[in-house]
Amino acid sequence: MTAPPSATLASVLFVCVHNAGRSQMAAGFLDHLAGDRVEVRSAGSLPGDQVNPAAVEAMSEVGIDISAATPKILTTEAVEASDYVITMGCGDACPVFPGKIYLDWALDDPAGRGVEAVRPIRDEIKSRVEALVAEIDAKPDAKPEAKPEA
């Protein structure tokens with residue numbers, strides 16, 4: 001018996017303007033680090049035509065393939081379906097719904113930069129995603145035996 005994903009998994013939406021660099025790298029790391037424990041989405045307020053080739057190359061260097069990813073438009077439905085909404089420079093483009101956790105990660109935009117400049121951005125994203133996974137894993141509802149008193 002399998003429950004629907006939204007009933008059993010935390011859901012994370014990464015948002016940046018073009019959905020071509022930062023949000024794609026973050027989604028790649030979260031998918032790699034959390035596997036099927038977390039539902040991963042990414043989107044952009046003005047999605048680009050393709051994922052930034054330097055981001056694809058930088059992720060490939062650490063064994064994560066995001067070459068098949070495609071930029072997607074940010075929708076109200078994607079935000080509404082997510083537990084965490086992590087923005088990376090999309091400003092006020094993200095709709096706000098009660099009960100969601102909103103985080104804004106101030107990260108340099110890798111657009112137009114070579115892989116040398118993208119590596120430090122990639123590494124910062126990895127650190128933040130690792131902290132996010134730890135936070136999600138520590139949530140009381142992820143471990144029913146650890147629920148705090150109300």
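The values are calculated or read from the model by the stated rules, or taken from the named source; none is laboratory data. This one's a predicted model, so the numbers in the text were calculated from it and none came from an experiment. As a convention, Cβ positions derive from the backbone with ideal geometry for all residues, glycine included, and neighbour counts pool all protein chains shown. For the accessible areas, the whole protein counts, side chains as well, though only heavy atoms, and no ligand, DNA or RNA atoms are used. Shrake-Rupley method; radii C 1.70, N 1.55, O 1.52, S 1.80 Å.
Points to keep in mind about this one:
- Segment residue 80-residue 124, length gained on full extension (0.36 nm per residue, minus Cα span): 13.2 nm
- For segment 112-127, putting each phi into the Karplus relation 6.51 cos²θ - 1.76 cosθ + 1.60 with θ = phi - 60° gives couplings of x, 9, x, 4, 4, 7, 7, 3, x, 5, 4, 5, 5, 4, 4, 4 Hz, in residue order, rounded to whole numbers and with x for Gly and Pro.
- A cut-off of 5 Å between modelled amide H atoms, ignoring neighbours fewer than 5 places along the same chain, links residue 74 with 44, 45.
- Less than 5 angstrom separates the built amide H of residue 85 from those of 13, 101, 102, 103, all sequence-distant by 5 or more or on a different chain.
- Order by protection proxy (mean Cβ within 10 Å, highest first), peptides 69-82, 18-31: 18-31, 69-82
- Diffusion coefficient (Stokes-Einstein, Kirkwood radius over C-alpha pairs, 37 °C, 0.692 mPa s) for segment 26-119: 228 µm²/s, rounded to a whole number.
- Label point at residue 108 placed 7 Å out along Cα→Cβ; residues across segment 49-90 whose backbone nitrogen lies under 15 Å: 54-55, 58
- Of all accessible heavy-atom area on segment 1-131, the percent that carbon and sulfur account for (1.4 Å): 52
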